[in-house]
Amino acid sequence: MAASTDWLKAFHGPRGAQFSAQVKRLHAEHLRNYPRLWFAGRTPAAERLRECARYAGSEYVLLKEAVRSSSPLFFRNRADERLYRALVLNESFSADEWGSAIGLRETQEWLEEGLLDREDGGLVCRFRIVVTDRVFLVLDAKRPLAASSVGRAVHFEQDALHMLRYLARETIVPGVDYLDVGTGSGVILLHLAGFFRRSAGMDVLPRAAEIAALNRDLNGPAETVRVFQADVFDWDNGTERFDLVTWNMPFVFFDEEYGSFSPSTNGGRLGIEVTVRFLSRLPSLMSERGRAYLMTATPVLPEGRPLFEELKKAAARRGWDVEADFLHPFWIPRLGEFHRKERVRRFEAFMVRIVPGAGRFSVRKKPVFKMALDGVHAAIHSRNGGKNDHR
Ligand SMILES: C[S@@+](CC[C@H](N)C(=O)[O-])C[C@H]1O[C@@H](n2cnc3c(N)ncnc32)[C@H](O)[C@@H]1O
């Protein structure tokens, strides 16, 4: 089967229900919480050391979750390890190995329908499975599917993990209607849907809406969760209002060349344009007592943090209490020269909580050890002059 065949079509085809059932069985028996989501390598101890070294050398702008995770140090048995490497890491295995992992007949069917592909002298899975504490997700493999899909593939990135961890610490007030904007794989939507009578996930990217709908069906219950394709700025929601609105936002500041290449992460001018625009859209989405959580970022310029100024203004104008909870600083080495020209010293990612209130804006302080670590990292980065390009 050619690499250009889209695996997603197989889930919508005549054997779609069968594939969903097979994949769900794998989850139940082998992949739930095992290994933990933030486990990123085959040889954990070595992997952790390698990640630490890259971070210390400023190759990576973030210390990967893998390094800090509580993931198990060893796989319990070979069969589970193989399944994990095949379905989560998308490594290549022989037809026989696939046969013993998912069954010989299944291997043949997956190959016929483009779920498996011949690569690296073996067979690789065209989709990827990610299992969190609450949901089971099927999404695009890390390897490019086809040249035409670059920039349109639906992945699961560290930002979603940060947002999930933040939300796990929050008290989510159960309500009636919930909206997840830019739902991507549906990960945030499916984590929170259980708190609400009705939930909706939308994405401007048609492929994201399709994948989120598939994940909704795989996780159930499908009746209370609506998924659709729309641009949040054009969508006519009539009188519909939501008790909770979430968006893991696009917030990267691209130059022209890269911007069109990555529409799902492009935050516009300074990386904050989409966020600022959304602050004006929010009042027509939130119910009177509704709240919103946004994951976004601000550049740090010599004169300050422009997004903080915008949040302050929005809070005062709308009577919201807005809290920014700092997550981490970041740089994008590949765009370093462009950002320096724009006078950006670094970016800071943070979560924004918006609730009805008295028009206050506040920033939650970071723990001292985190500030110290960020400072060391910033110093290493500026010494390297952003010459590394691995992000
Ligand atoms: C950073 S990704 C987050 C994806 C997913 N929620 C997650 O956490 O993994 C941002 C998402 O917003 C979507 N998006 C960008 N602009 C949008 C718009 N105007 N309306 C709706 N969705 C949009 C992108 O397609 C992308 O899927």
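Values quoted throughout were computed directly from the atomic coordinates according to the rules given, and no laboratory measurement underlies them. All of these numbers come straight from a predicted model, not from anything done at the bench. Ideal geometry is used to build each Cβ from the backbone, glycine not excepted, and the neighbour counts take in all protein chains shown.
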Plugging the Cβ-Cβ distance of residue 17 and residue 134 into 1/(1 + (r/R0)^6) at R0 = 22 Å yields, to the nearest 0.05, a FRET efficiency of 0.40
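Tell me, 217, 140, 159 in order of fewest to most beta-carbon neighbours within 10 Å? If you can, show how the numbers build up before the last one.
Values: 217 17, 140 24, 159 20.
Going from sparsest to densest Cβ surroundings: 217, 159, 140.
Treating only the Cβ atoms of Lys and Arg (+1) and Asp and Glu (-1) as charged, compute the dipole magnitude of segment 158-384 about its Cα centre; round to the nearest 20 debye. Could the numbers behind the result be given before it?
Numbers: 31 positive and 28 negative charges, 194 e Å.
I would put it at about 940 debye.
Report D for segment 158-384 in µm² per second (integer): Stokes-Einstein, Kirkwood Rh on Cα pairs, 4 °C, 1.567 mPa s. Spell out each step's value before the answer.
Values: Rh = 18.3 Å.
It diffuses with D of about 71 µm²/s by this estimate.
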Would you tally the net charge around residue 195, using a Cβ to Cβ cut-off of less than 14 Å, leaving residue 195 out, and scoring K and R as +1, D and E as -1? 0
FRET E, pair residue 287, residue 111, Förster distance 56 Å, beta-carbon r, rounded to 0.05: 0.70
Mind grabbing the base-10 log of I(q)/I(0) for segment 117-221 at q = 0.11, 0.17, 0.18, 0.20 Å⁻¹? Debye formula, identical points on the C-alpha positions, no solvent, two decimal places. -0.37, -0.81, -0.89, -1.06
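Residues with beta-carbon under 14 Å from that of residue 19, excluding residue 19: net charge, scoring Lys, Arg +1 and Asp, Glu -1?
Numbers: positive: 9, 15, 24, 25, 105, 126; negative: 6, 106, 109, 112, 113, 217.
Its environment carries a net charge of 0.
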Starting from the 7 Å offset along Cα-to-Cβ, what nm value, one decimal, do you get for the label separation of residue 104 and residue 228? 4.9
Enter the Cα centre distance for the pair segment 212-251 and segment 324-348, rounded to the nearest angstrom. 30
Modelled label-to-label distance, residue 373 and residue 171, 7 Å Cα→beta-carbon offset: nm? 2.8
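Give me 177, 133 ranked fewest to most by other Cβ atoms within 10 Å of their Cβ, as a rough exposure proxy.
Result, fewest neighbours first: 133, 177.
What is the mean projected area of the alpha carbon convex hull for segment 285-332, to one decimal in square nanometres? Don't jump to the answer; show the numbers that get you there.
Numbers: hull surface 17.6 nm².
In nm², the orientation-averaged hull projection of segment 285-332 is 4.4.
For the ranges 103-110, 246-253, what's the packing order if you count other beta-carbon atoms within 10 Å of each residue, average per peptide, and put the highest first?
On the way: 103-110: 16.2, 246-253: 23.1.
Most protected by this proxy first, the peptides run 246-253, 103-110.
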What does the charge count near residue 364 come to, summing +1 for each Lys or Arg and -1 for each Asp or Glu among other residues with Cβ under 11 Å from its Cβ? +1
Label-point gap, in nm, between residue 195 and residue 317 - each point 7 angstrom along Cα→Cβ: 2.7
